[in-house]
Each structure stands twice: as C-alpha cells, then as structure tokens.
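Comments concern the structure below.
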Protein chains: 2
Amino acid sequence: MTQPLIQTMTVIGVGLIGGSLVRALKAAGAVGRVIGVDCDPENLQTALELGVIDEAAASLAAGVCHADLVFLAVPVRSVEGVVAKIASHLPAGCIVTDGGSVKLELVRQCETLLPAGIHFVGGHPIAGTERSGVAASFAELFKGRRCILTPTAVTNPHALHMVRQLWEAAGSRVECMDPLTHDRVFAAVSHLPHMVAYTLVHAVAASAEEEENILAFSAGGFRDFTRIASSDPVMWRDIALMNSGPLLELLDRYATDLEALRQRVAAGDGPWLEQFFRTSKRLRDEIA
Amino acid sequence: MTQPLIQTMTVIGVGLIGGSLVRALKAAGAVGRVIGVDCDPENLQTALELGVIDEAAASLAAGVCHADLVFLAVPVRSVEGVVAKIASHLPAGCIVTDGGSVKLELVRQCETLLPAGIHFVGGHPIAGTERSGVAASFAELFKGRRCILTPTAVTNPHALHMVRQLWEAAGSRVECMDPLTHDRVFAAVSHLPHMVAYTLVHAVAASAEEEENILAFSAGGFRDFTRIASSDPVMWRDIALMNSGPLLELLDRYATDLEALRQRVAAGDGPWLEQFFRTSKRLRDEIA
C-alpha cells in the first residue's frame with residue numbers, strides 16, 4: 001500500500017463541508033487516521049457512527065496535538081477563537097487550513113495567531129448545499145467543483161502544495177487568488193445573492209400573513225429561487241459580518257439599481273424597463 | 001371517434017405557452033383544427049412546420065372569424081389592442097380566454113371590449129420556462145401544474161366550464177380566484193422575485209466590469225438563483241407595468257427589509273442578523 005497523503009488529520013467542525021472532505025479523502029486513500037472535534041456532541045457521535053471520523057476528541061488540544069494537518073470547518077467568526085486555543089498545541093510542521101467563505105480577515109487572524117513552524121493556508125471550496133451537519137455530508141460534494149486557495153507573501157510553498165494535493169484528491173479543481181480579490185468576487189456571486197434571497201422570503205412571508213394562501217402558490221419558480229434562503233443562519237451571519245466591507249458596497253449598488261427600477265415601474269416607463277430586463281437577460285445568458 | 005372538446009381553435013401568439021397548450025390538446029384529442037396568428041412571421045412558419053398549428057392566418061380578422069375558442073397568448077399589454085381588433089370578427093357564442101400573468105386590468109379590458117354573445121374567461125397557467133417561442137413549446141408543460149381561472153360576476157358559466165375542461169385536458173389542476181387576489185398573490189410569489197433577479201444580475205454584472213473574471217466564479221448557486229433573469233424582457237416589462245400597484249407595494253416592503261438588513265450588517269449586529277436569517281429559513285422550509 002502506498003503512503004497516504006496525510007497520516008493524521010484533524011477536522012474541527014465535522015459538518016457538511018468537513019464531513020464531505022473526509023469522506024472524499026478516505027475514498028481516495030489520501031488520509032490515514034481522522035480525528036474529529038465538534039461543539040455539538042450529538043453531531044460528533046453521528047460522525048463516529050457513520051465512520052466519517054475514526055476518533056472523537058474530547059477537547060481541541062487533545063484533538064490537534066498529533067495532527068499532520070488540521071482542517072477548520074467552523075463558521076468563519078469562530079475560526080479566530082479556535083486557532084487561539086489550538087496554537088500552542090500544534091506539533092511542529094503542522095499544516096492548518098480552512099474552508100471558510102471569507103478570506104481577508106480570516107487569513108490575517110490565522111497568520112497572526114499561529115506560531116513559527118506552523119503553516120497556514122487559506123482555502124474555500126466552492127461547493128455546498130443548503131443542508132448542514134455531518135449526516136448531510138457525502139464524498140462527491142467537491143467533485144469537479146473549484147476550490148480557491150488564498151496564499152499570501154508568508155505562505156509556505158510546501159504547505160500550499162500539500163493543501164492543493166488534498167483538494168485535488170477530493171476531486172476539486174484548485175485555483176489561487178489573493179484574499180481581497182476572493183472576498184470581492186464572492187461578495188458579488190454568493191454573499192449578495194444570499195442576502196437577497198433571505199430578504200425576499202422575509203418580505204413575501206410578511207405579505208403572506210395578510211393575504212391568505214399566498215404561499216400555496218409559491219411552488220415552482222419561487223421555491224427554486226429561494227432555495228439558498230434555507231442555508232445555515234449562523235454561517236451566513238458570520239459571512240455577512242466578516243465580509244461586511246465588500247458586501248455593503250454591493251448591497252448599496254444593488255439597492256440603487258432596485259430603487260431605479262421601482263421609480264420606472266411607478267412612472268410606467270416601458271422602454272426603460274424593457275432595456276433593463278434585456279441587459280440583465282443578456283448578461284445572465286452569457287454565463288449560462 | 002368522439003367529438004373533440006373544441007372544433008376550431010385560434011391561438012394568437014404561438015409561443016411557448018400558446019404552442020404548448022395546442023400540443024397538449026392535440027395529444028389529448030381535445031381540439032380539431034388549430035389556426036395560428038403571430039406578429040413574427042418566422043415563428044408562425046415554424047409553428048406550421050412543426051405541426052403545432054394547422055393553418056397560419058394572414059390577419060387577426062381572418063384568423064378568428066370561424067373560431068369556437070380564441071386563446072390569447074401575447075404579452076399582457078398587447079391583449080387590449082388585439083381584442084379591439086378581433087371583437088367585431090368573432091362568431092356569436094365564441095369563447096375568448098387568455099394565459100396572461102396579470103388579471104385585474106386585463107379582464108376589465110376584455111369584458112369592456114367584447115360584445116354581447118362573446119364569452120371571456122381570464123386564465124393564467126402557472127407554468128413556463130425561461131425560454132420563449134414555439135420551438136421551445138412542448139405538450140407536457142402544463143402537466144400537473146396549476147391553472148388559475150379568474151371569473152367575475154359577468155362570466156358565462158358554460159364558457160367557464162369549457163375553459164376549465166380545456167386546461168384539464170392539457171393536464172392542469174384548475175382553480176378559480178378573483179382577479180385582484182390573483183394579482184396580489186403573483187406579485188409576491190412571481191413578479192417581485194423576477195424584479196429581484198433582474199436587478200441582482202444587473203448589480204453584479206456592473207461589479208464584474210470592475211473586477212476581472214468575477215463571472216467565471218458565478219457557476220452553481222448564482223447561475224441557478226438568477227435563471228429567471230433569462231425570461232422574456234417584453235413579457236416582464238408588460239407584467240411590471242400592468243400589475244404595478246401590487247408590485248410597487250411589495251417592492252417597497254422588500255426595499256424596507258433590505259435597508260434594515262444593510263443597517264444591521266453595517267452596525268455588526270450579529271444577533272439581529274442571525275434571527276433574520278433564521279426566520280427566513282424557517283418560512284422557506286415550511287413551503288419546501
């Protein structure tokens with residue numbers, strides 16, 4: 001048998017992302033022993049029973065002290081606290097990486113907190129479903145999907161290469177991007193759409209309280225359109241707060257466009273509306 | 001052979017909806033001869049070649065003068081002009097119905113313009129794709145989908161029954177609703193979401209002009225979420241204008257919710273954001 005890519009891997013937060021990565025790596029023979037840590041004991045027990053992890057650690061310190069690689073898959077605002085707790089327990093040469101949707105501030109936090117000889121690599125697999133928890137995890141989640149790594153001037157090249165191989169073993173196509181560009185791009189194509197979807201459901205549901213049976217007709221388009229509003233509230237609270245700069249810029253741009261549309265609907269401006277919809281359709285069809 | 005439900009049917013606007021209804025009725029043996037009228041000669045020729053219609057009429061008058069039933073499947077703001085042109089050419093007892101997404105104003109227009117002895121029934125099949133034109137039509141489009149009919153105090157019961165049978169033959173589940181309730185419900189579950197999707201694509205694309213390659217990362221969630229922004233711009237211009245009252249009310253409600261969200265993101269109010277996302281998730285999961 002060939003040596004696995006990683007002998008001992010610790011996953012902190014054994015949910016949809018953490019669980020799916022381990023399943024994929026195990027299926028690929030890329031990992032030896034997997035230790036899990038999770039703030040939800042029930043979820044951790046499920047991970048053990050499902051065979052996703054080989055061992056459930058009782059504490060962060062106990063979980064990471066023999067790890068060759070630590071994967072952080074907790075909500076992005078929990079990363080700093082977790083890293084502060086594990087920093088002094090990590091063995092020399094350990095690689096720490098994450099799967100968070102926000103990178104600039106998170107990468108800065110980790111690079112600041114981790115001591116010399118511990119190698120941090122920021123990562124963001126572009127995959128997920130609106131479900132959460134280890135029971136929702138599956139080995140094929142990352143297959144054919146992009147994974148963005150966000151190395152900086154201080155990133156160790158060997159660690160970066162190792163993390164790249166890890167995601168490739170899970171089936172991902174790996175690309176590198178600087179952390180700020182990452183945060184701007186994903187504010188636009190992911191974070192803003194989630195804010196829009198959550199708000200749409202909120203506004204329509206308030207309307208539904210007044211109008212009987214309104215949601216009985218919300219099958220089809222509305223249900224598909226708002227699927228992302230089923231995503232984990234804690235995860236999205238953290239993303240909204242941690243990427244608030246780029247997100248607020250886009251929210252303002254979006255609100256300005258929406259107000260322009262509202263004014264033209266009120267004014268009955270057919271040519272403007274047709275042009276607006278036509279432009280959006282063309283742009284949307286270009287990415288299809 | 002048993003008698004078809006309708007001997008001669010004229011479809012004005014032989015696109016996705018008109019074409020699909022005829023295909024479904026022909027498959028069910030529910031229609032005899034089908035005459036098509038369309039402002040796009042090329043689309044009309046395609047309808048003829050595909051066998052969707054049996055005859056292409058050269059004018060509205062020629063198209064409707066022998067019709068037992070006329071189905072109007074043109075953009076909602078074109079209905080009034082079409083009905084004004086055909087009103088004096090319809091044979092006595094003819095049933096006129098439509099498939100428009102807006103009902104209150106449209107039903108009033110048709111009831112006002114059509115002479116005694118011509119029976120109008122407002123309708124709205126809850127089906128469609130983001131594609132348009134007869135080439136995109138297919139017999140199964142309405143199968144298992146709702147179709148809303150919007151009878152008023154002056155609707156002829158026999159004509160209503162006939163139109164109900166028509167949609168049932170096409171596979172739809174028929175329900176009746178008053179026109180104003182219809183317009184309020186669909187402003188919420190369909191018209192507002194389309195405005196939101198068109199605006200989202202617009203705002204993100206403007207951002208993409210500044211940030212290179214942004215749309216390369218827009219696969220997956222963003223592509224699915226914005227699919228409805230590929231819908232026909234003329235159709236949606238008309239819907240926005242003709243249902244502007246209920247739509248503006250919802251746009252204002254939505255903009256208020258969005259501004260509240262923006263303020264809480266700017267203020268870093270985690271508990272509020274989590275609660276907001278949690279409420280939306282719960283409401284969304286209830287309709288899933």
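Values computed for the structure shown
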{"quantity": "From A:LEU44, A:LEU25, residue being on the phi < 0 side of the Ramachandran plot and in contact with an Asp or Glu (Cβ under 7 Å, 6 or more places away or on another chain)", "calculated": "A:LEU44"}
{"quantity": "2 or more residues free of Cβ contacts under 8 Å to residues at least 12 places away in the same chain and small (Gly, Ala, Ser): qualifying helices (runs of 4 or more DSSP H) within segment A:184-268", "calculated": "A:192-210, A:244-267"}
{"quantity": "Selection count, segment B:40-62, where residues are at pLDDT 95 or above and more than 24 Å from B:SER101 (Cα to Cα)", "calculated": "15"}
{"quantity": "Residue match in segment B:166-188 (condition: in contact with a helix residue (DSSP H, G or I) (Cβ under 8 Å, 6 or more places away or on another chain), within 14 Å of another protein chain (Cβ to nearest Cβ) and more than 22 Å from A:ALA208 (Cα to Cα))", "calculated": "no"}
{"quantity": "Extreme residue, farthest from B:TYR198 (Cα to Cα), among residues of segment A:228-255 that are among the β-branched types (Val, Ile, Thr) and facing chain B (nearest Cβ under 7 Å)", "calculated": "A:VAL234"}
{"quantity": "Residue in segment A:90-101 that is closer than 21 Å to A:LYS143 by Cα, among the hydroxyl-bearing types (Ser, Thr, Tyr), assigned by TED's automatic domain parsing to the domain that holds A:ALA139 and touching a Gly at 6+ places or on another chain (Cβ under 6 Å) present", "calculated": "yes"}
{"quantity": "Conditions (1) surrounded by 17 or more Cβ atoms within 10 Å (Cβ to Cβ); (2) touching a residue at least 60 places away in the same chain (Cβ under 8 Å); (3) of a type in the set (D, E, K, R); number of the one not met by A:ARG164", "calculated": "(2)"}
{"quantity": "Selection count, segment A:14-42, where residues are touching a strand residue (DSSP E or B) at 6+ places or on another chain (Cβ under 9 Å) and buried (at least 17 other Cβ atoms within 10 Å of the Cβ)", "calculated": "16"}
{"quantity": "Hits in segment B:45-86 - residues which are part of a helix (DSSP H, G or I) and within 19 Å of the chain's Cα centre (by Cα)", "calculated": "B:VAL76, B:ARG77, B:SER78, B:VAL79, B:GLU80, B:GLY81, B:VAL82, B:VAL83"}
{"quantity": "Hey, A:MET195 more than 7 Å from every other protein chain (Cβ to nearest Cβ), at pLDDT 90 or above, surrounded by 22 or more Cβ atoms within 10 Å (Cβ to Cβ) and out of contact with any Ser or Thr (no Cβ under 8 Å at 6 or more places or on another chain) or not", "calculated": "no"}
{"quantity": "Residue list for segment B:119-149, filter: surrounded by fewer than 23 Cβ atoms within 10 Å (Cβ to Cβ), at pLDDT 95 or above and part of a loop (DSSP other than H, G, I, E, B)", "calculated": "B:PHE138, B:ALA139, B:GLU140, B:LEU141, B:LYS143"}
{"quantity": "Count of segment B:113-126 residues which are in contact with a helix residue (DSSP H, G or I) (Cβ under 9 Å, 6 or more places away or on another chain) and either of a type in the set (Gly, Ala, Ser) or more than 14 Å from chain A (Cβ to nearest Cβ) (or both)", "calculated": "9"}
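The values are calculated or read from the model by the stated rules, or taken from the named source; none is laboratory data. Everything numeric in this text was worked out from a predicted model, so none of it was measured. No Cβ is skipped: glycine too gets one built from the backbone with ideal geometry, and neighbour counts run over all protein chains shown.
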